[in-house]
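Here's the structure, in structure tokens; my notes come after.
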């Protein structure tokens, strides 16, 4: 591992793509620091997906207790039901669109099922 990789876990790498599925199991975290076009599946409760870039494929199995954390400024959400169990969650920063998360699952509550956490404060000594 290079010094850059030791300091920055999201160092520049090729995009993740292919026909496979990235699976998050119970109480696990998956961090993606590059663009992703491979499918992502939540397959257990209390899983966390950390994203430096917004992925393009559909995210399946997302349910209450699961988390998606975007490592870039997001100040707004717009929820759109596409059909019975598919939704698009548009992420914005002011007037700019950060990306769209395409979700398929049995989550209920519509837009109220999603929220923005307050920005994290970094304390310096």
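Only the coordinates and a few stated rules stand behind these numbers; no lab work does. Source: prediction; values computed, not measured. Glycine also receives a Cβ, built like all others from the backbone with ideal geometry; neighbour counts cover every protein chain displayed.
Kindly provide the pair-distance distribution of the stretch 3-105 built from C-alpha pairs, with 5 Å bins from 0 and whole-percent values in order of increasing distance.
For the stretch 3-105, the binned pair fractions read 3, 12, 21, 24, 21, 13, 4, 1, 0, 0 percent.
How far apart, in nm, are two points set 7 Å out from the Cα along the Cα-to-Cβ line at residue 30 and at residue 46?
1.9
Starting with the highest mean, order 47-59, 16-28 by the number of other Cβ atoms within 10 Å, averaged over the residues of each peptide.
47-59, 16-28
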